[in-house]
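The values are calculated or read from the model by the stated rules, or taken from the named source; none is laboratory data. On a predicted model such as this, the values are computed, not experimentally measured, just so you know. Note that we place each Cβ from the backbone using ideal geometry, even for glycine, and neighbour counts take in every protein chain shown. These area figures cover heavy atoms from the full protein model, side chains too; ligands, DNA and RNA do not enter into them. Shrake-Rupley method; radii C 1.70, N 1.55, O 1.52, S 1.80 Å.
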Amino acid sequence: MNIVTQKEYGDIPFQLFGLAHWSGLGCILLLNGVMVYWGRQASARARAIWRCTLASLLLLNEATWQLWTWKSGSWTPQSMLPLHLCNLLVLLSAYVLLTKNQLGYEFLYLLGLAGATQALITPDIGNWSFPNIRYFIIFIGHGGIVTAAIYMTLVEGYRPYWRSLWRVILYLNGYMGLIGIVNGVLQSNYLFIAHKPNLPTLLDYLGPWPWYILGMEGVGIGCLILLYMPFYWRDRKHRQGN
């Protein structure tokens, strides 16, 4: 690796499930554990301050990401419009944290946990590793989505319902259709429906284009059902108890 690349990437290029990857995942896991333990004992005012703080961090992180790519000369409408699912979920997370909106929460919980968790397992980070700014942007953004969803569920007591699944599936497919048109106009790859990303992801196991899109749809629906199941079993147990 030459000197310029070394300075740009950091001392060690990012390695999937390397030390930097596990460290980022560990920090997110620790934060969520502390947050749930603290939040269940905190006052309403303290919880409101925490929600505002996390929402502000997510918005600042997204703004930093846009500014960083602009100043580095890598911002293009083909890649940097906030049209990827996780970009939208960052904005949605902030909205839900600030407003406690139930409908927004349903999308945050079902799509946020499913999408952001997968993105944390196989982050689209290129070779940028700790301590490059993109490393922090990726893990703060996706980790913040997961944290917001878990916080609103386990601390604030929000939950999805059976109808939530159908709403999310319907709206998401409509959004994919619109993004397909955008991709055709811009020659972009938002939502990764034009082609697979140029890094190892779960899409590699779902076949070639366009069949992996159907596989992605099936996996997505399966994830939504799995995320809803704890509430299904709790409701069923409650009905049986009555």
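Things to note:
- Expressed as a whole percent, the accessible surface of the stretch 87-209 that belongs to carbon and sulfur atoms is 70, based on a 1.4 Å probe.
- Ellipticity at 222 nm from helices only: DSSP H runs of n ≥ 4 in the chain, each -39500 (n - 2.57), divided by the residue count, give -23000 deg cm²/dmol.
- Within-14-Å neighbourhood charge of PRO210 [Cβ basis; K, R +1; D, E -1]: 0
- Net +/- balance of residues flanking LEU110 in space, Cβ distance below 12 Å, scoring K and R +1, D and E -1: +2
- Gyration tensor (alpha-carbon) shape descriptor, the stretch 1-151, a/c threshold 1.5: prolate
- With contacts taken as Cα pairs under 8 Å and at least 6 residues apart, the stretch 80-167 reaches a relative contact order of 36 percent.
- Neighbours of ARG159 by Cβ distance under 11 Å: Lys/Arg scored +1, Asp/Glu scored -1, total -2.
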